[in-house]
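Participant: My structure is below; once you've seen it, I'll send some questions.
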Amino acid sequence: MKRVAFVMRLKDGGLADYVRHHNNIWPELVAEIEKSGLAQITIFEKDPMLVLYSEIYDEGAWNKLWSSEVHDRWAEIMNPLMHFNADGIVDSTLVNEVFHLETNAGK
């Protein structure tokens, strides 16, 4: 398992729609996420910044998801809410893990 995180940037006023869509995520997208090798996704916000944290079991998991038909349909809804780089890719930056700790608390 590998932990991966990205920082992304929303357009002004996009947070409410972004959250609403994610609160109503399509079952077929969830199935594609699982099929692609993503074990979990968590998104944190500090509007307009989003931090997406994921745990993956396949190095190509994100690329598999991003190249799927169901993700293309999801992107049509998300794209108006996001900032893009000059190359047409969502304005995002991979961030590197510098510390991780797991304890037995709560077990």
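The values are calculated or read from the model by the stated rules, or taken from the named source; none is laboratory data. The structure displayed is predicted, hence computed values, not measured ones. Counting neighbours? That spans all protein chains shown, and the Cβs are built from the backbone with ideal geometry, glycine included. SASA here: full protein model, heavy atoms, side chains in, ligands and nucleic acids out. Shrake-Rupley method; radii C 1.70, N 1.55, O 1.52, S 1.80 Å.
Participant: The stretch 70-107 to the stretch 39-60: how many Å between their Cα centroids?
Facilitator: 5
Participant: Note down the relative contact order for the chain as a percent, whole number, built from C-alpha pairs under 8 angstrom at least six residues apart.
Facilitator: About 41 percent, as a whole number.
Participant: Quick one: dipole size for the chain, taken about the Cα centre, charges +1 on Lys/Arg Cβ and -1 on Asp/Glu Cβ, in debye to the nearest 20.
Facilitator: Computed about the Cα centre, the dipole is about 260 debye.
Participant: Running a GNM on the chain with Cα contacts under 10 Å, which residue among ALA75, ALA31, ALA61 ends up with the highest mean-square fluctuation?
Facilitator: Maximum among the listed residues: ALA31.
Participant: Can you tally the lysine pairs in the chain where the Cα-Cα distance is under 21 Å and the two residues are eight or more apart, or on different chains?
Facilitator: For the chain, the number of qualifying lysine pairs is 4.
Participant: Which order do ASP87, ASP47 take when ranked by solvent-accessible area (1.4 Å probe, heavy atoms of all protein chains), largest first?
Facilitator: Of ASP87, ASP47, the descending order of accessible area is ASP87, ASP47.
Participant: If you don't mind, another one. So how tilted is helix 27-36 from the main axis of the chain? Cα-based, degrees 0 to 90, rounded to 10.
Facilitator: Its long axis makes an angle of about 60 degrees.
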